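The values are calculated or read from the model by the stated rules, or taken from the named source; none is laboratory data. Worth saying up front: this structure is predicted, and the values here are computed from it rather than measured. Note that we place each Cβ from the backbone using ideal geometry, even for glycine, and neighbour counts take in every protein chain shown. Surface accessibility is based on the protein's heavy atoms, side chains included, excluding ligands, DNA and RNA. Shrake-Rupley method; radii C 1.70, N 1.55, O 1.52, S 1.80 Å.
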There are 2 protein chains.
Amino acid sequence: MKFDLVNTDAKGRARAGIIHTDHGPIETPVFMPVGTAGSVKAVHQRELLDDIKARIILGNTYHLYLRPGMDLLEKAGGLHKFNGWPKPILTDSGGYQVYSLSANRKIKEEGVTFKSHIDGSTHVFTPESVMDLQRSIGADFMMAFDECTPYPCEYDYAKKSLDITHRWLKRCITRFRETEGKYGYEQVLLPIVQGSVYGDLRKQSAAFCAEQGMFANAIGGLSVGEPHELLYEMTGVVCEILPKEKPRYLMGVGTPENILECIDLGVDMFDCVMHTRNARNGMLFTSEGIINIRNEKWKEDLSPVDAALGGYVSTAYSKAYLRHLVISKEILGAQIATIHNLTFYLWLVNTAREKILDGSFSTWKKEMTEKVTRRL
Amino acid sequence: MKFDLVNTDAKGRARAGIIHTDHGPIETPVFMPVGTAGSVKAVHQRELLDDIKARIILGNTYHLYLRPGMDLLEKAGGLHKFNGWPKPILTDSGGYQVYSLSANRKIKEEGVTFKSHIDGSTHVFTPESVMDLQRSIGADFMMAFDECTPYPCEYDYAKKSLDITHRWLKRCITRFRETEGKYGYEQVLLPIVQGSVYGDLRKQSAAFCAEQGMFANAIGGLSVGEPHELLYEMTGVVCEILPKEKPRYLMGVGTPENILECIDLGVDMFDCVMHTRNARNGMLFTSEGIINIRNEKWKEDLSPVDAALGGYVSTAYSKAYLRHLVISKEILGAQIATIHNLTFYLWLVNTAREKILDGSFSTWKKEMTEKVTRRL
């Protein structure tokens, strides 16, 4: 795998690059739709390719481990073969879900014991087992096993948690180096910078992760409820330290505004489920602002959802029709809204990339931030 | 509108034809996917066109009347424009839903008073109002307002109900003739033969409907719980009487076996929601038999759902992946299963048509009935 940094914005730290993988190139900055259990909810794989123009999707190790399980994924030849997605895949380490979804979790030095949210059965994740799981899934990008601290979080807890995250990172790297990909293509492992909202911990963690010399680095533990100012401050602090020549992935972020801001701070990769979850309830992001399609205001609006995006669902269906579907709880409403929001997110990062390349990112970002934050 | 009867099977009464409409030709026999509230559940309009190869879809007057309402449909220029479906549409009269979904319904000579299943509000449908509604929806094929009798049904009730259905039919025809299409294309009205499972009532009703000289005729009140033998017997009795040179539509039927049998009795048009409803629970019809995809048996089956059909979803996804999605309650599971089952139904009627044209329908029907009724 190889990262080419193509251009850096003259006025800020925004970057345009290309990650070359065995499943094809990924132009950055990039947004990665989340396919939790091997499916981006309500979206066909060909729609991800042809309409949304996704370049990489995520899978969740916790979900895939519980269902369909590693035996079947290995038998299929990995997740790409199982779900028919031909481009790169990134998997998280399962840590975040263990903390947020499962019951009775116990964090010890060895790893985490937890109960499945599906059937209550008991399981253990360790840094080593999580590496093995991601080898079996066959993710192009594997994530280190960490503890994602909540917000707010006491300094002492954040520091103690960071220490264990760092010790786990070393164990992840050891296991990663001892093992090989199972399906003939290259996998890389990303360390995750933690440290809650404490600048000194973030700096320490960024330096520690950078030292490991892995292919790319991630920033975790943000967008968990903290004010946007802290999200930007911590991201800025960390991006200053993480090596420029390596991709940077900001986990679980965020709104269109967050993404524009963090691209400007030097982030290359993003993922978020908020806009697909909200889509199913009728909240749409468009190039002109935010729409709650359930509002009476759109009842008779026969114009396309967002003609500027040019994609099938954003132009083939009217706002009035989509509103009717969402209010009538028709599945097609969730489908259209999800594809639309994902198309918008990819359009946003693609346009950001163009603007970084032609040197107009700062001006465009200012205009676009005003648009994407207003409620129509 | 014009119906060309292209060929009739030498050994039975199966027919191949073409209905020419202002929204394009409909080759028969045909299966019509049901788009209750203006959307075939879990299916994009382009998937209906490109994958399922649907030639006509249904809408439900009752649902469309309650939501989105006639004002909006008229403003949009009819249902075709509202939902973006360019081919023909058939709407039912709303009668069936009034009896099955709404509360406190009261049937009088004038019409039916009922309460909405959505908000409990009170409404009235009359033969005249239902004609006006279908003019506003802009269905190519409009259905007469009738009473669909349940099964079982006493003879006296069936007879009394049939009389009112016939009086309503006359009123429908009068209103239909007094009014015009609102969007510049031709609409036709279909009488509906009722009479429960009583041969003499069915004969009387078929003769009465035939006498009206409308473009096509429908058979209602079947597939409501009666044994298959009675469904076939009544359909046979009615098809003997309905004019050969006009299309015949058997409402709400049925399983693949039912459809093959009733094609053989001379039916041209079918609709049914059973297989799309069942699809969402994992029951699949394939060219080799019936599959319950939730069964452990399919857990590691990495073969396509039904390669013989050749469509995207039936070949791009494996049984094991679809099973995983259905069990994990992923929306994509409902999407794949629905498209698959509809693709199968269209494949079934298309193949039947080919066999009628090449004179091998009877032999093929026998083989195919064995296949489609077995559980894999």
Task: A:Leu342 being closer than 23 Å to A:Pro29 by Cβ, more than 7 Å from chain B (Cβ to nearest Cβ) and in contact with a Phe, Trp or Tyr (Cβ under 7 Å, 6 or more places away or on another chain) - done: no
Open item on the list: Testing A:Ala352 on (1) farther than 23 Å from A:Lys11 by Cβ; (2) open to solvent by less than 50 Å² (accessible area, probe 1.4 Å); (3) touching a residue at least 12 places away in the same chain (Cβ under 8 Å), one condition comes back false. Which one is that?
Closed with: (1)
Open item on the list: I'm trying to understand the selection: among the residues of the range B:36-50, which are outside any loop (DSSP other than H, G, I, E, B) and surrounded by 21 or more Cβ atoms within 10 Å (Cβ to Cβ)?
Closed with: B:Gln45, B:Glu47, B:Leu48
Task: Wholly within the range A:275-376, helices (runs of 4 or more DSSP H) carrying at least 1 residues that are modelled with pLDDT of 95 or more and basic (Lys, Arg) - done: A:319-327, A:331-357, A:361-373
- [ ] Could you tell me which residue of the range A:149-164 is most open to solvent (accessible area, probe 1.4 Å), considering only residues that are of a type in the set (Ser, Thr, Tyr) and in a loop (DSSP other than H, G, I, E, B)?
- [x] A:Tyr151
Task: Residues (open to solvent by less than 50 Å² (accessible area, probe 1.4 Å) and either among the β-branched types (Val, Ile, Thr) or farther than 17 Å from A:His23 by Cβ (or both)) located in the range A:82-102 - done: A:Ile89, A:Thr91, A:Asp92, A:Ser93, A:Gly94, A:Gly95, A:Gln97, A:Val98, A:Tyr99, A:Ser102
Task: Qualifying positions in the range B:14-35 - surrounded by 16 or more Cβ atoms within 10 Å (Cβ to Cβ) and in a loop (DSSP other than H, G, I, E, B) - done: B:Ala14, B:His23, B:Pro29, B:Pro33, B:Gly35
Task: Flag for B:Leu5 being more than 14 Å from chain A (Cβ to nearest Cβ), open to solvent by less than 10 Å² (accessible area, probe 1.4 Å) and closer than 28 Å to B:Lys365 by Cβ - done: no
Open item on the list: Here's a check for you: in the range A:51-61, which residue that is within 13 Å of chain B (Cβ to nearest Cβ) and of a type outside the set (S, T, N, Q) is surrounded by the fewest Cβ atoms within 10 Å (Cβ to Cβ)?
Closed with: A:Asp51
Open item on the list: Any residue in the range B:312-337 that is closer than 19 Å to B:Asp51 by Cβ and more than 8 Å from chain A (Cβ to nearest Cβ) sitting within a Cβ distance under 6 Å of a residue that is small (Gly, Ala, Ser) and open to solvent by 10 Å² or more (accessible area, probe 1.4 Å)? List the pairs, counting only those 6 or more apart or interchain.
Closed with: B:Thr315/B:Ala307
TODO: Filter the range A:104-139 for residues that are in a loop (DSSP other than H, G, I, E, B) and crowded, with 16+ Cβ neighbours inside 10 Å and give the result.
DONE: A:Gly111, A:Ser116, A:Thr126, A:Gly138, A:Ala139
Task: Count of the range B:6-26 residues which are hydrophobic (A, V, I, L, M, F, W, C) and closer than 17 Å to B:Arg55 by Cα - done: 4
TODO: Return the residue satisfying two criteria in turn: it lies in the range B:31-42 and is more than 7 Å from chain A (Cβ to nearest Cβ) and among the aliphatic types (A, V, I, L, M), and of such residues it is nearest to B:Tyr345 (Cα to Cα).
DONE: B:Met32
TODO: Looking for whichever is in contact with a Gly (Cβ under 8 Å, 6 or more places away or on another chain), surrounded by fewer than 24 Cβ atoms within 10 Å (Cβ to Cβ) and among the aliphatic types (A, V, I, L, M) here; the options are A:Val197, A:Val237. Which one fits?
DONE: A:Val237
Open item on the list: What's the total number of residues in the range A:297-309 that are open to solvent by 60 Å² or more (accessible area, probe 1.4 Å) and more than 12 Å from chain B (Cβ to nearest Cβ)?
Closed with: 3
Open item on the list: One residue is enough: does the range A:254-272 have a residue meeting the conditions within 17 Å of A:Ser205 (Cβ to Cβ) and open to solvent by less than 10 Å² (accessible area, probe 1.4 Å)?
Closed with: yes
Task: Filter result (touching a Cys at 6+ places or on another chain (Cβ under 9 Å), hydroxyl-bearing (Ser, Thr, Tyr) and touching a residue at least 40 places away in the same chain (Cβ under 8 Å)) within the range B:88-115 - done: B:Ser93, B:Tyr96, B:Tyr99
Open item on the list: If A:Glu211 satisfies all but one of (1) surrounded by fewer than 18 Cβ atoms within 10 Å (Cβ to Cβ); (2) in contact (Cβ under 8 Å) with a residue 24 or more places away in the chain; (3) charged (D, E, K, R), what's the number of the condition it fails?
Closed with: (2)
